[in-house]
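Below is one structure, written out as structure tokens; the observations come after it.
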Amino acid sequence: MLRLVLATALGRAAGRLSRLLGRGGSALPGLIAEKVDPRTIERLVAPVRRGVIVVTGTNGKTTTTKMLVGMLEGEGWRVVTNSTGSNLARGIATRLIEVASWSGRIDADLAVFEADEAAVRTLAPRLRPKVMVVTNLARDQLDRYGELATTAAHVAEAVRHAGVAVLNADDPLVAEMAGGAPAARFFGAAEGIRRAMPHDSGLYGSGEEPARPALDLCLERAEPEGDGQVIELAAAWGERARARLQVPGPYNGYNAAGAVLAAAEFGVPMARAVGALEETGPAFGRGQVVECRGRRVKLQLVKNPAGFNQAIRLLCALPPGTPVLIAINDLDADGRDVSWLWDSRVEDLAGTGHRFGTAGLRAFDMALRLKYAGVAAWSEPDFTAALERFLDQIPLGETGYLVPTYTAMLRFLDLLLPGTSKREAWA
Amino acid sequence: MSDLVIAHLYPYEMNIYGDTGNVIALRRRLEWRGLGAQVDLVPVGASYDFTGADLVFGGGGQDRSQLQVAEDLQRRSAAIHEAVAAGTVFLTICGTYQLFGRRFLTQDGSEIPGIGVFAMETIGGRKRMIGNVVVATPWGELVGFENHSGRTLLDPGQASLGRVKRGYGNNETRREEGAVTADCFGTYLHGSLLPKNPAFADELLQRALSRRHGPGVVLEALDDRLEHLAAAAAARRP
């Protein structure tokens, strides 16, 4: 106990120092606390009254987590979450320390953590989640995670430590994890939506589909409306509901279904869950709008072929002539290998008539990808110059689309919102 | 009637790390010169007559696919050897490159037989060789991204593709990368390789076109400034 108090205190002090030095919300407090007491996470989450929920998978973690938190808070529960995207052990420890009292106590009904799919194997036995949601598995940053089969094996191992696994039935790699889980629930979508959302083996493999398990919750309809969409959900236990989501794309329909099914495990009725869904705005970097000099810049984070293909679908639906800036960095957090640009359906952008620019450390790689897809683009590796040129192309009062990798997004946020810390900007 | 027939080996099974970009590059660089290519997809199990192909491409895959592909390649071994002898141009990358050697010894000691077009073996290791690579070759400097744990050792007398200037290449000690036998090329470079290395892409096209249409085919020069900018940026990254 004394050790935990010390760990919490030192971690907190480190966080203050780091903020004083202007480094913002780093993972330093968690890192230091874990050095002092390697069981910081276990001890801090133990008193959380209703338990822990972990959300993992390649794409959709942050959005699903945000939706789920909205539903649970809507029930009047106190919820702890790592909402700013730091999803490794040190990030989760940091968040727990921030909300803990000086004696290392946490007053919360629930904790909802998104966990990196490579880190979840070691995190799950420590967090002992009551529910674990697995959104999907696609190839992502092979230089960091290695092969998809390895990632799938890690997540499957993690699922064993969850009370109930909430699994995407339409992703065969995820659905087959049911075997190792103490209990499993499945969400999925109607045929038409499912076809629009190819999973990894469908995207790259021979297309042989194993039989899908029976669904507990089905996304029956997802129709675009304005900036978002209207979805209809039907549960195997008889409840049905309709919701107007603020976020577009069938993949967000899946995220909503996963969140509703996880919330149902805690007794949240569907009618109230969809109410919370309608209130949920886009998550960090997933479709938020930043106002700048009378123009709107809409952010769409990309990090792997599946996510890039989703962004491409969104871009294809925009009116011709829309300014689009694609910014590709290759730092560790982005993935050092930019080969994935060639695995994405960039050819679909030919004929959109948009005005494309590319930026970032690998601006020329992106421009080259566009060139071979038959799409002209300007290139400006420098972030400040690229942003200037991009903003110039957006007519006053109109919207341009910024499609960055993770660290490129952070650079642009610093430029678009100077003096605002990221956490404040996106709280 | 197309000007060139390209066979894409294992397009579903061996297609990570953007290797499809190589086929896109070959096709586009022909189109920009007013030439057309027919691309035949050759997945595991499909029958294919290599005598009709001018240029054969095979990419890298995940371990699970590589076993399937190894078996399938054994069935095609004689046909591929004949095609190499007949001057068909081959570009094999990472997983397919390894299987064009004699064998792959995995880390757990099991042996995956290759087809022995290249006089070399690959031994699975613990260390993953990851990062941007620069290789000096007779066709200029090639830039790519490698990600492999297999260490490939060329037999004495087996020609390599070039000397490693940055990165690992075939293995961490010998500073050599890839292999070349007749018009068959093997390399670890992803990236995709050909879009950022247009001179090498054109070398392959030139050889393949000459095979079909006779010597004297002249490839019109293209504006490759963007290709060179992208290659230069990649060469500076860790």
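The numbers here are math on the coordinates, done by the rules we state, and not lab data. Being a predicted model, the structure only gives us computed values, none of them experimental. For neighbour counting, all protein chains shown are included, and Cβ atoms are generated from backbone atoms with ideal geometry for every residue, glycine included.
How big is the antiparallel share of DSSP beta bridges in chain B, given as a percent to the nearest 5? Bridges in chain B that DSSP calls antiparallel: roughly 55 percent.
Taken as entire DSSP H runs, the helices of chain B that both span 20 Å or more between Cα atoms along their own long axis and average -1.0 or more on the Kyte-Doolittle scale are B:63-85, B:198-213. P(r) for chain B, from all Cα pairs and a bin width of 5 Å, is 1, 7, 15, 20, 21, 17, 11, 6, 1, 0, 0 %, short bins first. Once amide H atoms are built 1.01 Å from N in the peptide plane, which residues 5 or more positions from A:E114, or in another chain, come under 5 Å H to H? It is A:V55, A:N82, by chain and number.
In summary, the lysines within cross-link reach of A:K66, defined as a Cα separation below 17 angstrom excluding same-chain residues under 8 places away, comprise A:K422. A Gaussian network model of chain B, with springs between Cα atoms under 10 Å, assigns the largest mean-square fluctuation among B:D19, B:D108, B:D63 to B:D108. Among the listed pairs A:K61/A:K298; A:K130/A:K303; A:K61/A:K130, those whose Cα-Cα separation exceeds 22 Å are A:K130/A:K303.
Here, the range A:286-426 is characterised by an Rg to Rh ratio of 0.93, where Rg is the alpha-carbon radius of gyration and Rh the Kirkwood radius. A simple charge model with +1 on the Cβ of Lys and Arg, -1 on the Cβ of Asp and Glu and nothing else charged puts the dipole of the protein assembly as shown at about 2120 debye relative to its Cα centre. Between the residues B:S77, A:P29, B:F185, the greatest Cα displacement towards the positive end of the dipole of the protein assembly as shown, with unit charges on the Cβ of Lys, Arg, Asp and Glu, is found for A:P29. Which residue, A:A263, A:A234, A:A271, tops the fluctuation ranking in a GNM of chain A built on C-alpha contacts under 10 Å? Answer for the Gaussian network model of chain A: A:A271.
What the Cβ-Cβ distance of B:S210 and A:V290 gives, at R0 = 41 Å and to the nearest 0.05, is a FRET efficiency of 0.15.
In this calculation the C-beta distance from B:L41 to B:D63 is compared with R0 = 30 Å, giving a FRET efficiency of 0.85. Summarising the overall dimensions of the range B:73-205 from its C-alpha atoms, the Rg and Dmax are 13.9, 40 angstrom. Between A:D337 and A:D143, the built amide H atoms are under 5 Å apart, and every one of these is 5 or more places off in sequence or on another chain. Under a Gaussian network description of chain B, with springs only between Cα atoms under 10 Å, the residue in B:L153, B:L35, B:L209 that fluctuates furthest is B:L35.
Between A:K35 and A:A271, the simple label model (points 7 Å from Cα in the Cβ direction) yields a spacing of 5.4 nm. Of B:L41, A:I53, B:Q206, whose Cα points farthest to the positive end of the dipole of the protein assembly as shown (charges on the beta-carbon: +1 Lys, Arg; -1 Asp, Glu; origin at the Cα centre)? Among B:L41, A:I53, B:Q206, the one farthest towards the positive end of the dipole of the protein assembly as shown is A:I53.
The charge dipole of the range A:298-420, taken about the Cα centre with unit charges on the Cβ atoms of Lys, Arg (+1) and Asp, Glu (-1), comes to about 260 debye, rounded to the nearest 20. Per residue of A:327-338, other chain Cβ atoms within 10 Å of the residue Cβ number 3 on average.
Between A:R128 and A:R16, the modelled labels are 3.3 nm apart [label points 7 Å from Cα along Cα→Cβ]. Counts of other chain beta carbons within 10 angstrom of each beta carbon in peptide B:137-149 average 1.
Remark: B:T20, A:T135 ranked as B:T20, A:T135, counting other beta-carbon atoms within 10 Å and listing the fewest first.
Oblate is the label for the range A:46-279. Its Cα gyration tensor axes, ordered a ≥ b ≥ c, give a/c of at least 1.5 and b/c at or above a/b.
Mean partner shielding of peptide A:340-352, defined as the number of other chain Cβ atoms within 10 Å of each residue Cβ, is 3.
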